[in-house]
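All remarks here apply to the structure that follows.
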Amino acid sequence: MSWSLERDDGTVTEWERSDGYATVRLRERAAGGFVVRLDVMEQAADESAYERVRFDDREAAEARATEWREARDLDE
């Protein structure tokens, strides 16, 4: 299943999986740095999960967001 960019407003960037049961969000923190969050709902075909990681720079946060999307991509 593919991912689509659902929000990108300069502070929050969020992708949603095409089945609607998983999201990855990258957010700039007011205190500096970035947070990346993976949320896979219990109803999803794959195992539910919630992870949250902080990074000092956007490049590292974007790399983690990409890793999570690739790892949670489902074959249709």
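The set of residues from the range 21-45 being open to solvent by 30 Å² or more (accessible area, probe 1.4 Å) and either at pLDDT below 95 or not acidic (Asp, Glu) (or both) comprises 21, 25, 27, 29, 30, 31, 32, 37, 41, 42, 43, 45.
Residue pairs whose Cβ atoms lie under 8 Å apart, sitting 6 or more positions apart in sequence or on different chains, and linking a residue in the range 42-63 that is over 21 Å from residue 18 (Cβ atoms) to a partner that is open to solvent by 40 Å² or more (accessible area, probe 1.4 Å) and part of a loop (DSSP other than H, G, I, E, B), are 54/29. Does residue 60 count as open to solvent by less than 40 Å² (accessible area, probe 1.4 Å), in a loop (DSSP other than H, G, I, E, B) and at negative phi? Spelling it out, it is not the case that residue 60 is open to solvent by less than 40 Å² (accessible area, probe 1.4 Å), in a loop (DSSP other than H, G, I, E, B) and at negative phi.
Scanning the range 1-24 for residues that are in contact (Cβ under 8 Å) with a residue 40 or more places away in the chain and either farther than 19 Å from residue 49 by Cα or out of contact with any Phe, Trp or Tyr (no Cβ under 8 Å at 6 or more places or on another chain) (or both) yields 1, 2, 13, 19, 22. Residues in the range 1-20 that are closer than 14 Å to residue 65 by Cα and surrounded by 15 or more Cβ atoms within 10 Å (Cβ to Cβ): 3, 13, 14, 15, 16, 17.
The values are calculated or read from the model by the stated rules, or taken from the named source; none is laboratory data. The shown structure was predicted, so the numbers you read here are calculated from the model rather than taken from an experiment. Quick reminder, even Gly has a Cβ in these numbers, built from the backbone with ideal geometry, and neighbours come from all protein chains shown. Note: accessible area is taken over every heavy atom of the protein model, side chains too, but ligands, DNA and RNA are not part of it. Shrake-Rupley method; radii C 1.70, N 1.55, O 1.52, S 1.80 Å.
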